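**Student:** This is the structure I have questions about; it appears just below.
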Amino acid sequence: MTPSRSNRSIIFIALTVALALFGVSGAGLAAQTEQVSRYTLENGMTVVSRVGGNAGGLSSACLFVRVGSAYEDPEKSGVTNLLNHMALACQPSGGAVPPALKIEQLGGKVWVETSFEYTCFKLAAPSKNFPQALKALAEAVSAPACSDAALAVERDALASGEGGQYDDRLVEKAYREFLKKRFGDSGYGLYPDGDESALESITGTDARGWHVRRYQPEAMLLSVYGPSEEGQLKKAVNESFGRMSSGVCSSGRPALGARGQSSCGRTDLPAPKGGAAAVIGYASAPPGAADYPAMLVAGAIVSDGMASKMFRGLREDNDLAYSFGGLTSCSAGGPHMAFYVCSDEGRVEPAVDCVRRSVNAVKSGDITADEFARAKGTLIGELSFMREGAVGQAFSAGYYEFMGLGFDYPATLAREVARLGKSDVVGAASRRLDTGSLVVLKAKEAH
């Protein structure tokens, strides 16, 4: 999932500050000459290595694991995210220093992202300490602390809402319901954070079993980036992850299920604490599909920023919503594009109508030259910005290699976006943005 587009400016500022702290600039990175290699360890783990860049003395790693909520059963919804947080827990186990704490003591930082089809552990550390930090990450992933104490702490944190994906909980609730409606009994209908009742039933045995079945080297891809010589970086990788033993790994992608990708219709639910929100979503295109670049542009025209159709309809022409944005999942098996509004009971219905008009305008070709140029330019800029900094370099290369598109796909995608004409976007939107699934939350008496 990508962040809501209305939050992009906040994320941009935060990342810019982080880059400044690490002494990294976009121009500086662009000027570097890098070497990129791809190889496989003896235990089956794939490695993408980018070396030679000047990341301000910083090295990074992104470890992708082919596991996420789409692989889970409803009865154990959230086990992946729970296990990921247990791996990075800071509770001492048997007197040993937890791996995440070791990384912090080395001046580094480690965090994890759980999505539908993948998990990504992200590591950044001073280059001089990177080999030790990489070993600590391997330790965390190889043998997560599945004690009852660690499980209880992390489960309580997740149940209380820590790590919520979006700013407004009403929007998150509506999006959860959209996933259930759109993807039915498949794993794609499960939210990565998990279901609270299911989390309560997960035991240490469940977590350990999930780890044994899913967290194996052949289901992993490690992307590393740093200024070291290639031989030095390869040595650090081998000493950290080359020793990870390979076991029996559950392979293959999750199935969509009997009701997967069902669509259409409206669901009304009560808003527990007042207010109102709505999510309307559609099937989209996965990365690498012919329509994928055009769908990104279509989404940007609808909801990206203050020049978008939704902004003008919801804020400039009317006062219909407190917040709005787009929620995009680029998963291979269940790609979708959703738009949300957060409002109050009296304004949510016209706000939904505005979203529909914005989508229909793109489908009918009601797009100005300025709107089209702005959306394309914004996307090309975002593709460039996602590769800023050491972690951005590692993530960008690793994610698209993990998706089977190659580590250099972002450059290819930017060229494809630049070549698009208006008719390409209109055609893709007409094919993909069919009758959507709508979820509306508002006070019961207002229905």
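We did not get these values from a lab; they are worked out from the coordinates using the rules stated. As the structure is a prediction and not an experimental result, all values here were calculated from the model. Quick reminder, even Gly has a Cβ in these numbers, built from the backbone with ideal geometry, and neighbours come from all protein chains shown.
**Student:** Counting pairs of alpha carbon atoms under 8 Å apart in space and at least six apart in sequence, what relative contact order in percent does segment 266-446 give? Each step should come with its number before you reach the end.
**Tutor:** Values: 295 pairs, mean separation 71.4, N = 181.
Worked out over segment 266-446, it gives 39 percent.
**Student:** Rounded to the nearest angstrom and ordered from largest down, what semi-axes does the equivalent ellipsoid of segment 266-446 get from its C-alpha gyration tensor (root of 5λ)? Can you show the working numbers first?
**Tutor:** Details: eigenvalues 180, 68, 46 Å².
Equivalent-ellipsoid dimensions as semi-axes: 30, 18, 15 Å.
**Student:** Which parts of segment 76-120 would a label at THR203 reach, counting a residue when its backbone N lies under 15 Å from a point 7 Å out along Cα-to-Cβ?
**Tutor:** 76
**Student:** A further question on this structure: Where does each of SER60, SER228 land when they are ranked from fewest to most other beta-carbon atoms within 10 angstrom? Write down the numbers at each step before the final one.
**Tutor:** Values: SER60 28, SER228 20.
By the 10 Å Cβ count, ascending, the order reads SER228, SER60.
**Student:** Shape call for segment 394-447 from the C-alpha gyration tensor, a ≥ b ≥ c root eigenvalues: rounded (a/c under 1.5), prolate (a/b greater than b/c) or oblate?
**Tutor:** Oblate is the answer for segment 394-447, as a/c is 1.5 or above yet b/c matches or exceeds a/b.
**Student:** Next question, about the same structure. Expected output is a single nm value to one decimal: the length gained when fully extending between ASN129 and ARG213, i.e. 0.36 nm times separation in residues minus the C-alpha distance. What is it?
**Tutor:** Working: separation 84, 0.36 × 84 = 30.24 nm, distance 3.15 nm.
Taking ASN129 through ARG213 to full extension adds about 27.1 nm, to one decimal.
**Student:** Here's another thing I want to ask about it. Fewest Cβ neighbours within 10 Å first, please rank LYS442, LYS234 accordingly.
**Tutor:** Working: LYS442 24, LYS234 19.
By the 10 Å Cβ count, ascending, the order reads LYS234, LYS442.
**Student:** Along Cα→Cβ, 7 Å out, is where each label goes; now give me the distance between the ones at ALA373 and ASP319 in nm to one decimal.
**Tutor:** It works out to 3.4 nm between the two label points.
**Student:** Summing +1 for each Lys or Arg and -1 for each Asp or Glu, what net charge is found among the other residues whose Cβ lies under 12 Å from the Cβ of PHE178? List each step's numbers first, then the result.
**Tutor:** Working: positive: LYS173, ARG176, LYS180, LYS181, ARG182, ARG266; negative: GLU172, GLU177.
Charge balance near PHE178 sits at +4.
**Student:** Ignoring solvent entirely, what values of log10 I(q)/I(0) come out of the Debye formula for segment 114-244 at 0.09, 0.16 Å⁻¹ when each Cα is a single scatterer?
**Tutor:** Debye output, listed in q order: -0.37, -0.99.
**Student:** Something else about it: Where the only charges are on Cβ atoms (+1 Lys, Arg; -1 Asp, Glu), what is the dipole of segment 319-412 about its Cα centre, to the nearest 20 debye?
**Tutor:** Working: 7 positive and 12 negative charges, 45 e Å.
In total the dipole reaches around 220 debye.
**Student:** For LYS422, give me every one of the lysines with a C-alpha distance below 17 angstrom, ignoring sequence neighbours fewer than eight places off in its own chain.
**Tutor:** LYS309, LYS363, LYS376
**Student:** Enumerate the lysines that LYS273 could reach by cross-link, defined here as Cα to Cα under 18 Å, with residues fewer than 8 away along the same chain left out.
**Tutor:** Within the straight-line limit of under 18 Å, LYS273 reaches these lysines: LYS173, LYS442, LYS444.
**Student:** Determine the gain in length on full extension of the stretch ASN360-ALA149; use 0.36 nm per residue of separation and subtract their C-alpha separation, reporting nm with one decimal. Numbers along the way, then the final one.
**Tutor:** Details: separation 211, 0.36 × 211 = 75.96 nm, distance 5.16 nm.
Taking ASN360 through ALA149 to full extension adds about 70.8 nm, to one decimal.
**Student:** Counting other beta carbons within 10 Å of each Cβ, put ASP156, ASP185 in order, fewest first.
**Tutor:** Fewest-to-most Cβ neighbours within 10 Å comes out as ASP156, ASP185.
**Student:** Looking at the square roots a ≥ b ≥ c of the eigenvalues of the Cα gyration tensor of segment 24-241, which shape do they give, rounded for a/c under 1.5, prolate if a/b is larger than b/c, or oblate? If you can, show how the numbers build up before the last one.
**Tutor:** On the way: a/c = 1.89, a/b = 1.59, b/c = 1.19.
Here segment 24-241 falls in the prolate category.
**Student:** Using a basic spin-label model with each label point 7 Å from the Cα along Cα→Cβ, how many nm lie between TYR39 and LYS273?
**Tutor:** Label at TYR39, label at LYS273, 5.3 nm between them.
**Student:** Let me ask something else about it. Straight-line reach only, C-alpha to C-alpha below 21 angstrom: list the lysines that LYS128 could link to, leaving out same-chain residues fewer than 8 apart.
**Tutor:** LYS102, LYS109, LYS234, LYS235
**Student:** Now for a separate question. If each of ASP408 and ALA96 carries a label point 7 Å out from its Cα toward its Cβ, how far apart are those two points in nm?
**Tutor:** 4.1
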